Amino acid sequence: MFTRSKLVQTARLCARLASDTTNGRLSGKVAVVTASTEGIGYAIARRLGQDGAKVMISSRKQKNVDRALAELRSENLEVSGMVCHAGKSEDRVSLIEETVKQYGGLDILVSNAAANPIFGPILDSTSEQAWDKIFDINVKAAFFFAKEAAPHIEKRGGGSIVFVTSIAGFAPFELLGAYSVSKTALLGLTKAMVPQLAGMNINVNAIAPGVIKTGFSETLWKTPEIAEEALKTIPSGRFGVPEDCAGTVSFLVSKDGQYITGETVAITGGMQSRL
Ligand SMILES: NC(=O)c1ccc[n+]([C@@H]2O[C@H](COP(=O)([O-])OP(=O)(O)OC[C@H]3O[C@@H](n4cnc5c(N)ncnc54)[C@H](OP(=O)(O)O)[C@@H]3O)[C@@H](O)[C@H]2O)c1
């Protein structure tokens, strides 16, 4: 005779087994996701973890790393975390080395960090210092994360790299000029890395989110009048959420995505995405 608690226990076990078989496509894989204590990076880290990967999360602030780790671990995901400022070369190297040390190797890199310190017409708002900061974090760091990660991924027989660019890389936002140019550069970086990474059995792709509801984009969706105007440019009639990006990344880094390389997937609800 089943007691109520036995029934609940059995139901939980069945649910876990079902989720293991449907969501385990990344089991045995190790992933690094940069800038992943909130927003799109966090959703990607969570999804890769749900799909079976061991995930190293990171961001600039220890308290954010601790909070994100606690949340992810409360879902029984296998995650670790550390501080890594994407603009600091020693932090980039430590993030990759520490991941390999803790988990025994690396299969997947998702380079998600970006900076946007200025807002306004491009000629008026862009100081040399702002330009350097934007390109240091958004382009240079992405390249050096990939350069650092690639030999480790190759040692595992291959794997995947994903950059996070933006719809602004296709159609520059008027008040985010330098940021938009940096995101266009990432489209080029994705293509430029294909020949050598293909030889290492690594596919390299990018996602280009549209307007996704995170802290980064809140000026666009939090103020009702601005949100109303922004929504007119989105055929599907809603802003995206971070989870809209996470499943695409999980696919690109899975076995099913391995023959896709050098591509950028626009996740925009239909906004224009051609150069
Ligand atoms: N949201 C959108 O609508 C949208 C659209 C297109 C593209 N994107 C791109 O998506 C990516 C993520 O944006 P998001 O909207 O998810 O941002 P978000 O919600 O503001 O999250 C930013 C995350 O990055 C971390 N971070 C910020 N600067 C960092 C740095 N220099 N080094 C390491 N970590 C850093 C933050 O934690 P700490 O503060 O602890 O560092 C936080 O975890 C960016 O590349 C952005 O350009 C976003």
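Just give me the residues in segment 33-61 being away from the ligand (no atom under 12 Å from the Cβ) and either under 13 Å from LEU95 (Cβ atoms) or not charged (D, E, K, R) (or both), in sequence order.
Scanning segment 33-61 gives LEU48, GLY49, GLN50, GLY52, ALA53, VAL55, MET56.
Kindly evaluate THR165 against the criterion of being touching a Gly at 6+ places or on another chain (Cβ under 6 Å) and within 14 Å of the ligand (Cβ to nearest atom).
Answer is no for this residue.
Could you tell me whether segment 141-156 includes any residue that is outside any helix (DSSP H, G or I), under 19 Å from THR99 (Cβ atoms) and at pLDDT 95 or above?
Yes, some residue in segment 141-156 is outside any helix (DSSP H, G or I), under 19 Å from THR99 (Cβ atoms) and at pLDDT 95 or above.
Kindly indicate whether any position in segment 125-137 is within 20 Å of the chain's Cα centre (by Cα), modelled with pLDDT of 95 or more, surrounded by 18 or more Cβ atoms within 10 Å (Cβ to Cβ) and under 22 Å from ILE44 (Cα atoms).
Yes, there is a match, as at least one residue in segment 125-137 is within 20 Å of the chain's Cα centre (by Cα), modelled with pLDDT of 95 or more, surrounded by 18 or more Cβ atoms within 10 Å (Cβ to Cβ) and under 22 Å from ILE44 (Cα atoms).
Take segment 221-243 and flag every residue that is crowded, with 19+ Cβ neighbours inside 10 Å and hydrophobic (A, V, I, L, M, F, W, C).
Residue satisfying the conditions is PHE239 alone.
Given (1) at positive phi; (2) surrounded by 21 or more Cβ atoms within 10 Å (Cβ to Cβ), identify the lone condition not met by ASN201.
(2)
If only one of ALA178, ALA206, ALA185, ALA168 is closer than 20 Å to ASN116 by Cα, touching a Phe, Trp or Tyr at 6+ places or on another chain (Cβ under 9 Å) and assigned to a strand (DSSP E or B), which one is it?
Answer to the selection: ALA206.
Looking at segment 109-128 only, could you name the residues that are in a loop (DSSP other than H, G, I, E, B) and within 16 Å of the ligand (Cβ to nearest atom)?
Once the filter is applied, which keeps residues that are in a loop (DSSP other than H, G, I, E, B) and within 16 Å of the ligand (Cβ to nearest atom), segment 109-128 yields ASN112, ALA113, ALA114, ALA115, ASN116, PRO117, ILE118, PHE119.
Which one of these is over 19 Å from ALA266 (Cα atoms), of a type in the set (A, V, I, L, M, F, W, C), touching a Gly at 6+ places or on another chain (Cβ under 9 Å) and within 16 Å of the ligand (Cβ to nearest atom): ALA149, ALA178?
ALA149
Checking LYS101 against (1) away from the ligand (no atom under 16 Å from the Cβ); (2) touching a residue at least 12 places away in the same chain (Cβ under 8 Å): exactly one of these is not met. Which one?
All conditions are met except number (2).
Would you be able to say whether some residue in segment 219-229 is in contact (Cβ under 8 Å) with a residue 60 or more places away in the chain, of a type in the set (A, V, I, L, M) and either assigned to a helix (DSSP H, G or I) or over 30 Å from LEU106 (Cβ atoms) (or both)?
No, the conditions are met nowhere in segment 219-229.
Check segment 244-260 and report whether any residue there is within 15 Å of the chain's Cα centre (by Cα), surrounded by fewer than 20 Cβ atoms within 10 Å (Cβ to Cβ), touching a residue at least 60 places away in the same chain (Cβ under 8 Å) and closer than 24 Å to ALA185 by Cβ.
The answer is no, given that none of the residues of segment 244-260 is within 15 Å of the chain's Cα centre (by Cα), surrounded by fewer than 20 Cβ atoms within 10 Å (Cβ to Cβ), touching a residue at least 60 places away in the same chain (Cβ under 8 Å) and closer than 24 Å to ALA185 by Cβ.
When you go through LYS183, LYS191 one by one, which is the residue that is out of contact with any helix residue (DSSP H, G or I) (no Cβ under 7 Å at 6 or more places or on another chain) and either of a type in the set (A, V, I, L, M) or within 19 Å of VAL110 (Cβ to Cβ) (or both)?
On inspection, the qualifying residue turns out to be LYS191.
If you take the residues of segment 197-236 that are within 12 Å of the ligand (Cβ to nearest atom) and small (Gly, Ala, Ser), which of them is farthest from the chain's Cα centre (by Cα)?
ALA230
Quick one: how many residues across segment 38-90 are part of a helix (DSSP H, G or I) and either at positive phi or without any contact (Cβ under 8 Å) to a residue 12 or more places away in the chain (or both)?
Qualifying residue count for the region: 6.
The values are calculated or read from the model by the stated rules, or taken from the named source; none is laboratory data. All values reported here derive from a predicted model rather than from experimental measurement. FYI the Cβ positions are ideal-geometry reconstructions off the backbone, even for glycines, and counts take in every protein chain you see.
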